[in-house]
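**Q** One structure is given below, represented as structure tokens, and several questions about it will come after.
The values are calculated or read from the model by the stated rules, or taken from the named source; none is laboratory data. All figures in this text were calculated on a predicted structure; none of them were measured in a lab. Note: ideal-geometry Cβ built from the backbone for every residue, glycine included; neighbour counts use all protein chains shown. The accessibility values were calculated without ligands, DNA or RNA, using every heavy atom of the protein model including side chains. Shrake-Rupley method; radii C 1.70, N 1.55, O 1.52, S 1.80 Å.
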Amino acid sequence: MNKVIYLDNAATTRVSEEVVNAMIPYYTECYGNPSAVYTFAGEAKKAVTIARESIAKVINARPDEIYFTGGGSESDNWVLKAVIDKYGDAKGKHIITTSIEHHAILHTCEYLEKKGCSVTYVDVDEDGVVKLDELKAAIRPETVLISVMTANNEVGTIQPIEEIGKIAKENNILFHTDAVQAFGHIDIDVKKLNIDFLSASAHKINGPKGIGFMYIERSIKIGSFIHGGAQERQRRAGTLNVPAIVGFGKAAELAMANMEKNAKYETELRNHLVERILNEIPYSKFNGSTKNRLPNNANFSFKYVEGESMLILLDQKGICSSSGSACTSGSIDPSHVLTAMGIPDELAHGSIRLTLSYLNTLEEIDYTVDELKKIIERLREMSPLYK
């Protein structure tokens, strides 16, 4: 093929044409600051309101519970630090999370531990599902927050969020979920799931980079993460990025309208990919839950090969893939997610993640498998362990 085959949609997605077209007028025509009082700024302010409503609808939230941020990492940082700051002295400084969270959560927890907080990292099973019995056992009188991602960014496993939300509510503990990979891809109802905080990012659903949001249940009072002006109801200072917000709103609207159709199509492509790889490539392993996983995610481990070599050789064939989170590219350590799932380092080092979108075709998937088979055979021929 003489084109790029993009199979790294968990890292970022192509901005859709509809989103780009929705954004352009707010760079060139309606470019007023929405915080200004004159009429010209009113169009920008109205556009932000509409975007907020579109996003809220996807998770069954109120528009005034949506706060725009610079992305998922900022949202994650905000909720953890702000909850400890607001409620730590009154209730306690203990957080429960999991060993497979995104580094935006894990590194923030490490920072808070240095500040005197206590964090319990709950284990997961071989499918990457959090162990609910361990989570329950970890609860203390001073537990102030439970933070568990909706779906894992590396292996796509969907967590039992409804059960976790129920546990949190029964114990009067705040509940946050990092839904960056799940928002717009699967149904999420923050009211039904007893979610108090939710993080998401536009660039995972064919929206622009650099814009995210945090859902904060309206009865919860936490402080600002960025201090300055009175934007975002005095909780997140800084001039609003109107074009990006408009783009996020449009992307959310499209994701909600096409969620069922896209999920069905991506699942069919993924299942075809999985079936071919497991049947045609020896010593291959499919990682994560086979039942409760994101429609577009496929993560594999291959014996006797090294993941980085696979990525380089796939790239030479025009195929974009990854070995896990884009945020950890360049790391020589095995994936913390695969390690937590009990996968040996040797296999973890021989892993790749292929994440699809509605833009991919069956022809692209077949080409990828055909080339991957050749690449793995070539790499194994050079491995002394395979002889």
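**Q** Tell me, please, whether a residue that is touching a residue at least 40 places away in the same chain (Cβ under 8 Å), part of a helix (DSSP H, G or I) and either within 18 Å of L80 (Cα to Cα) or under 13 Å from the mean Cα position of the chain (by Cα) (or both) can be found in segment 132-142.
**A** Taking segment 132-142 first, the residues touching a residue at least 40 places away in the same chain (Cβ under 8 Å) are 138-142.
Okay, now just the ones that are also part of a helix (DSSP H, G or I), so 138.
Retained after the next criterion (residues that are either within 18 Å of L80 (Cα to Cα) or under 13 Å from the mean Cα position of the chain (by Cα) (or both)): 138.
So far as segment 132-142 goes, yes, one or more of its residues are touching a residue at least 40 places away in the same chain (Cβ under 8 Å), part of a helix (DSSP H, G or I) and either within 18 Å of L80 (Cα to Cα) or under 13 Å from the mean Cα position of the chain (by Cα) (or both).
**Q** Which ones in segment 87-101 are among the small types (G, A, S) and without any contact (Cβ under 8 Å) to a residue 40 or more places away in the chain?
**A** The answer is A90, and nothing else.
**Q** Taking V119 as the residue in question, decide whether it is open to solvent by 10 Å² or more (accessible area, probe 1.4 Å) and in a strand (DSSP E or B).
**A** When the stated conditions are applied, V119 passes them.
**Q** Give me the residue from segment 295-326 that is within 17 Å of G156 (Cβ to Cβ) and among the hydrophobic types (A, V, I, L, M, F, W, C) and, out of that set, surrounded by the fewest Cβ atoms within 10 Å (Cβ to Cβ).
**A** A326
**Q** Filter segment 201-211 for residues that are open to solvent by 20 Å² or more (accessible area, probe 1.4 Å) and either outside any loop (DSSP other than H, G, I, E, B) or among the basic types (K, R) (or both); which is farthest from G184 (Cα to Cα)?
**A** K209
**Q** Hey, among the residues in segment 360-387 that are of a type in the set (A, V, I, L, M, F, W, C) and open to solvent by less than 80 Å² (accessible area, probe 1.4 Å), which one's farthest from S16 (Cα to Cα)? Quick ask: steps written out before the conclusion?
**A** Residues of segment 360-387 that are of a type in the set (A, V, I, L, M, F, W, C), as a first pass: 362, 365, 369, 372, 375-376, 379, 382, 385.
Filter again for open to solvent by less than 80 Å² (accessible area, probe 1.4 Å), leaving 365, 369, 372, 375-376, 379.
Numbers: I365: 21, V369: 26, L372: 28, I375: 32, I376: 34, L379: 37 Å.
Residue satisfying both the conditions and the ranking: L379.
**Q** Could you name every one of the helices (runs of 4 or more DSSP H) located completely within segment 304-387 that has at least 2 residues being at pLDDT 95 or above?
**A** 307-316, 336-340, 362-381
**Q** Do we find that M214 is in a helix (DSSP H, G or I) and surrounded by 14 or more Cβ atoms within 10 Å (Cβ to Cβ) in this structure?
**A** no
**Q** Now for a different question. Of the residues that sit in segment 62-100 and are touching a strand residue (DSSP E or B) at 6+ places or on another chain (Cβ under 7 Å) and part of a loop (DSSP other than H, G, I, E, B), which one is surrounded by the most Cβ atoms within 10 Å (Cβ to Cβ)?
**A** Looking at the filtered set, the residue picked out is I100.
**Q** In segment 159-178, is there at least one residue being part of a helix (DSSP H, G or I), of a type in the set (D, E, K, R) and within 30 Å of L356 (Cβ to Cβ)?
**A** Taking segment 159-178 and keeping what is part of a helix (DSSP H, G or I), we get 161-170.
Still in the running and of a type in the set (D, E, K, R): 162-163, 166, 169-170.
Still in the running and within 30 Å of L356 (Cβ to Cβ): 162-163.
Yes, segment 159-178 contains a residue that is part of a helix (DSSP H, G or I), of a type in the set (D, E, K, R) and within 30 Å of L356 (Cβ to Cβ).
**Q** Would you say I245 is closer than 30 Å to F286 by Cα and of a type in the set (V, I, T)? So that I can check it myself, show each step before the final result.
**A** Values: closer than 30 Å to F286 by Cα: no; of a type in the set (V, I, T): yes.
It is false that I245 is closer than 30 Å to F286 by Cα and of a type in the set (V, I, T).
Rundown of residues vs (1) in a helix (DSSP H, G or I); (2) open to solvent by less than 40 Å² (accessible area, probe 1.4 Å); (3) of a type in the set (S, T, N, Q), yes/no style:
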position: S224; (1), (2), (3): no, yes, yes
position: G228; (1), (2), (3): no, no, no
position: G238; (1), (2), (3): no, yes, no
position: G247; (1), (2), (3): yes, yes, no
position: A252; (1), (2), (3): yes, yes, no
position: E260; (1), (2), (3): yes, no, no
position: Y265; (1), (2), (3): yes, no, no
position: E268; (1), (2), (3): yes, no, no
position: H272; (1), (2), (3): yes, no, no
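**Q** May I pose another question? If I ask for residues that are open to solvent by 10 Å² or more (accessible area, probe 1.4 Å) and either out of contact with any Ser or Thr (no Cβ under 8 Å at 6 or more places or on another chain) or not aliphatic (A, V, I, L, M) (or both), which ones from segment 344-356 would you list?
**A** P344, D345, E346, H349
**Q** Being surrounded by fewer than 20 Cβ atoms within 10 Å (Cβ to Cβ), of a type in the set (A, V, I, L, M, F, W, C) and at pLDDT 95 or above: is that true of V15 here?
**A** For V15, the condition - surrounded by fewer than 20 Cβ atoms within 10 Å (Cβ to Cβ), of a type in the set (A, V, I, L, M, F, W, C) and at pLDDT 95 or above - is met.
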